[in-house]
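As structure tokens, the structure follows; a few thoughts come after it.
The values are calculated or read from the model by the stated rules, or taken from the named source; none is laboratory data. In this text the structure is predicted, and so the values were computed from the model without any measurement. Positions of Cβ are backbone-derived with ideal geometry, glycine not excepted, and every protein chain shown enters the neighbour counts. Side chains included, ligands, DNA and RNA excluded: accessible areas come from the protein's heavy atoms. Shrake-Rupley method; radii C 1.70, N 1.55, O 1.52, S 1.80 Å.
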Amino acid sequence: MKLYYHPLSGHSHRARLFLSLLGAQHELVLVDLKKGEQKSPELLKLNRFGQVPVLQDGDTVVSDSNAILIYLAKSLGRSDWLPENPAAAAAVQRWLSVAAGEIARGPAAARLVTVFGAPIDADDAIRRAHAILTLVEQELATRTWLAADQATIADVALYSYISSAPEGNVDLSAYPHTRQWLARIEALPGFVEFQKTAIGLAA
């Protein structure tokens with residue numbers, strides 16, 4: 001398997017982290033976002049949206065980080081990470097939607113401003129970040145993992161942008177249960193760190 005990625009992309013880290021947690025053999029292919037390589041003819045053949053990450057597994061190409069998580073869990077038969085039970089699978093999907101929605105518009109967007117200079121309303125993104133972090137904190141106040149009794153791809157999907165939220169000036173000090181959850185993920189066998197940027201509150 002090949003993972004086309006960028007080390008500062010939280011979406012890329014999401015996929016890379018899960019590959020590592022699974023112990024799946026893979027090759028990392030660096031895509032230089034500053035040079036626009038994600039829009040190159042080669043990458044556009046793999047993902048016409050011109051984004052990373054992209055997973056290539058033989059003749060199968062999967063783009064979108066959450067789709068990659070699902071593909072890996074299903075193709076490798078890892079129902080521990082993506083349950084087959086309908087209610088449990090729905091609980092995981094709920095958080096994948098949060099990762100693609102509220103997390104993307106909150107902590108991920110706030111970090112885009114500081115790390116990549118994106119023309120986004122930073123104050124609005126920070127406000128959105130605290131709104132979803134408050135809900136995540138409430139959820140984790142009564143449970144160890146987001147969707148099941150063990151870690152699932154729901155936890156993987158939310159980890160990268162929550163752990164790096166301080167880089168976007170989003171303070172995590174008011175969320176002790178969330179910080180404990182981050183530490184639990186970081187203690188999992190095969191954990192691989194998201195490359196840090198000394199900026200914002202992480203400077």
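Does region 1-121 come out rounded, prolate or oblate, given a ≥ b ≥ c as the square roots of the eigenvalues of its C-alpha gyration tensor, rounded meaning a/c under 1.5 and, failing that, prolate meaning a/b above b/c? Before the final figure, lay out the partial values.
Details: a/c = 2.10, a/b = 1.22, b/c = 1.72.
Note, shape of region 1-121 comes out oblate.
If you restrict to DSSP beta bridges whose two residues both lie in region 1-117, what percentage is antiparallel, to the nearest 5?
On the way: 7 of 11 bridges.
Approximately 65 percent, going by the DSSP bridge assignments.
What's the center-to-center distance, using Cα atoms, between region 84-154 and region 1-24 in Å?
18
Hey, any idea what Rg/Rh is for region 42-100, computing Rh the Kirkwood way over Cα pairs? Please list the in-between numbers first.
Working: Rg = 12.9 Å, Rh = 12.5 Å.
Value, to two decimals: 1.03.
Calculate the spin-label point distance for D32 paired with D123, positioning each point 7 Å from the Cα along the beta-carbon direction, and give it in nanometres.
In this crude spin-label approximation the distance works out to 3.8 nm.
In whole Å, what three semi-axes, largest first, describe the equivalent ellipsoid of region 90-165 built from its Cα gyration tensor (square root of 5 times each eigenvalue)? Please list the in-between numbers first.
Working: eigenvalues 113, 28, 19 Å².
The answer is 24, 12, 10 Å, longest axis first.
Can you tell me the accessible area per residue over the chain, all protein chains present, probe 1.4 angstrom, in square angstrom? Intermediate values should be presented prior to the final figure.
Values: 9690 Å² over 203 residues.
Counting only protein heavy atoms, the per-residue value for the chain is 48 Å².
Using a/c under 1.5 as the rounded threshold, could you call region 144-184 rounded, prolate or oblate? The axes a ≥ b ≥ c are square roots of the C-alpha gyration tensor eigenvalues, and prolate needs a/b larger than b/c, oblate otherwise.
Working: a/c = 3.17, a/b = 1.68, b/c = 1.89.
Taking the square roots of the gyration eigenvalues as a ≥ b ≥ c, region 144-184 is oblate.
Just to verify a number: what accessible area does I185 come out at with the full protein assembly present, 1.4 Å probe, Å² rounded to tens?
Number for this one is 0 Å².
Using all alpha carbons of region 15-77, what is the percent of pairwise distances in each 10 Å bin, ordered from the shortest bin to the longest?
22, 54, 23, 2
Quantify, in whole percent, the carbon and sulfur part of the accessible surface of region 1-114 (1.4 Å probe; protein heavy atoms only).
Details: 2810 of 5510 Å².
The value for region 1-114 is 51 percent carbon and sulfur by accessible area.
At a temperature of 10 °C and a viscosity of 1.306 mPa s, determine how fast the chain diffuses translationally according to Stokes-Einstein, using the Kirkwood radius over alpha-carbon pairs as Rh; express D in µm²/s, rounded to the nearest whole number. Write out the running numbers ahead of the final one.
Working: Rh = 17.2 Å.
Stokes-Einstein gives a translational diffusion coefficient of 92 µm²/s.
What percent antiparallel are the DSSP beta bridges of the chain, to the nearest 5? All intermediate terms of the calculation are to be shown ahead of the outcome.
Details: 7 of 11 bridges.
Counting only bridges with both partners in the chain, antiparallel ones make up about 65 percent.
Could you state how much accessible area V192 has, in square angstrom rounded to the nearest 10, with a 1.4 Å probe and all protein chains kept in place?
Number for this one is 30 Å².
What length, rounded to one decimal in nm, is gained on full extension from L22 through to E186, with 0.36 nm per residue of separation minus their alpha-carbon distance? Provide the component values of the computation, followed by the final result.
Details: separation 164, 0.36 × 164 = 59.04 nm, distance 1.41 nm.
Taking 0.36 nm per residue and subtracting the Cα distance, the gain is 57.6 nm.
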